[in-house]
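The structure appears right after this line, and notes come after that.
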Amino acid sequence: MKKVLLLLLLSISIFYKATAQESINTTDTIVVGSIEKSFPGGFDAFNKYVKKNVRPPVIAYENSKVGITYVSFIIEPDGSVSHVCTILEAGSGMDEEAIRAINISKNWLPVAIDNKPVRSFCRVGVQFFANFDKGAMWVEAKKID
């Protein structure tokens, strides 16, 4: 009798797991993604995008400010980005500029589960550098481990 009961419970458990897996709503799923896999061309291409599209703010230069803005965002199943916000701010206009550049980026590669694209959470650093003696300021992407 114990063996029959155990077998019955095991069968119900396996059936329940199989049913639960089929009922996952992939449009509401958010997984952790990575810049390397989600940006076309990987992290190096994303760094080129940042260098080309992020403009160091004049106020940061005038106040001799540099720093890293950490940004998080969602990659939607269609490859667009949403919910862009700072995790850690650098100030002096650098945060707003990093958010602006991420917001206008497009054609990301969404994460797929069972060949269905799902939402994924990504984060990245945007680092502002300067050589104030030479009057130069530049930007690079920074991986977050």
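Brief remarks follow.
- Residue check for V139: among the β-branched types (V, I, T), at pLDDT 95 or above and either touching a Lys or Arg at 6+ places or on another chain (Cβ under 9 Å) or farther than 26 Å from V31 by Cα (or both): yes
- Filtering region 58-99 to residues that are without any contact (Cβ under 8 Å) to a residue 60 or more places away in the chain and β-branched (V, I, T) leaves V58, I59, T69, V71, I74, I75, V81, V84, T86, I87, I99.
- When the residues of region 24-44 are filtered to those that are of a type in the set (S, T, Y) and over 20 Å from C85 (Cβ atoms), the one that is modelled with the lowest pLDDT is T26.
- Helices (runs of 4 or more DSSP H) wholly inside region 23-135 containing at least 2 residues that are open to solvent by less than 20 Å² (accessible area, probe 1.4 Å) and under 20 Å from D145 (Cβ atoms): 35-38, 42-53, 94-104
- Qualifying residue in region 45-59 (condition: at pLDDT 95 or above, farther than 17 Å from A101 by Cα and touching a strand residue (DSSP E or B) at 6+ places or on another chain (Cβ under 7 Å)): no
The values are calculated or read from the model by the stated rules, or taken from the named source; none is laboratory data. The structure displayed is predicted, hence computed values, not measured ones. Backbone-built Cβ (ideal geometry, glycine too); neighbour counts: all protein chains shown. Surface areas here come from the heavy atoms of the whole protein model, side chains and all, with no ligands, DNA or RNA. Shrake-Rupley method; radii C 1.70, N 1.55, O 1.52, S 1.80 Å.
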